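*Asks:* Sharing a structure below in structure tokens format, with a few things to ask.
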Amino acid sequence: MEEGVDVAVRIAELPDSSMQAVRVGRVRRVLVAAPAYLQAHAAPRRPEDLSEHVTISASGVAMQPEWRFTIDGRATTQRVTPRMRTTTNDSAISAALAGLGIARLLSYQAAPHVASGALVPLLEDFEGEPVPIHVVHQEGRRATQKVRNFIDMAVELLRANPALR
């Protein structure tokens, strides 16, 4: 809000704050690979199998990423050593589509490629809890009509998106 942003879409659990939030959906963290990659490498059956695979990390911060999973109802992490690191999810998607390895993405980012068959979801039984998506704004009932209209439109469109359910 200090930067002059009226409305934001936040993918995360929200801390208590003075901002207004409208929950519009949720996403999962998913692992995907291209069929060509899976033809050359057997699909991992458990998170620990990832150490035998080429992984693609879409995070510019962590040098040794840890991917979170749920095993037997308990949250756990699996350290991966990516062969490719990128700072954008778009480039991780491109690398996965090219068959270069297994990428970890948000489900809405992978959805069109999974639907087309260009990417295959992996380790779905080990996915962690979905992450909520909120439209966040500060002004509440005092929002200008323009901001209120935008919020209403954004909420409607995001809630209608099947990739966010």
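The values are calculated or read from the model by the stated rules, or taken from the named source; none is laboratory data. Everything numeric here is computed off the predicted structure, so don't read it as measured data. When we count neighbours, we look across all protein chains shown, and the Cβ atoms used for this are built from the backbone with ideal geometry, even at glycine.
*Asks:* What residue, of Ala98, Ala143, is surrounded by 16 or more Cβ atoms within 10 Å (Cβ to Cβ), small (Gly, Ala, Ser) and farther than 27 Å from Thr70 by Cβ?
*Replies:* Just one listed residue meets the conditions, Ala143.
*Asks:* Of all residues in the range 114-165, which are free of Cβ contacts under 8 Å to residues at least 40 places away in the same chain and of a type in the set (Gly, Ala, Ser)?
*Replies:* Within the range 114-165, Ala115, Ser116, Ala160 meet the criteria.
*Asks:* Here is a list of conditions, (1) outside any loop (DSSP other than H, G, I, E, B); (2) touching a residue at least 60 places away in the same chain (Cβ under 8 Å), and Ile56 meets all of them except one; can you say which number that is?
*Replies:* (2)
*Asks:* Of all residues in the range 69-109, which are over 27 Å from Val24 (Cβ atoms), in contact with a helix residue (DSSP H, G or I) (Cβ under 8 Å, 6 or more places away or on another chain) and assigned to a strand (DSSP E or B)?
*Replies:* Across the range 69-109, the qualifying residues are Ile71, Thr76, Gln78, Met84, Ile102.
*Asks:* From the set of residues in the range 26-52 that are modelled with pLDDT of 95 or more, small (Gly, Ala, Ser) and not in a helix (DSSP H, G or I), which is surrounded by the fewest Cβ atoms within 10 Å (Cβ to Cβ)?
*Replies:* Taking the candidates together, the pick is Ala43.
*Asks:* Is it the case, given these coordinates, that Thr81 is more than 30 Å from Val7 (Cα to Cα), surrounded by 15 or more Cβ atoms within 10 Å (Cβ to Cβ) and free of Cβ contacts under 8 Å to residues at least 60 places away in the same chain?
*Replies:* Here the answer is no, as Thr81 does not meet what is asked.
*Asks:* Within the range 120-162, track down each residue that is within 14 Å of the chain's Cα centre (by Cα) and modelled with pLDDT under 90.
*Replies:* Gly128, Glu129, listed by residue number.
*Asks:* Also: Assess whether Pro121 counts as being outside the structural domain of Glu13 (by TED's automatic domain parsing) and part of a loop (DSSP other than H, G, I, E, B).
*Replies:* No.
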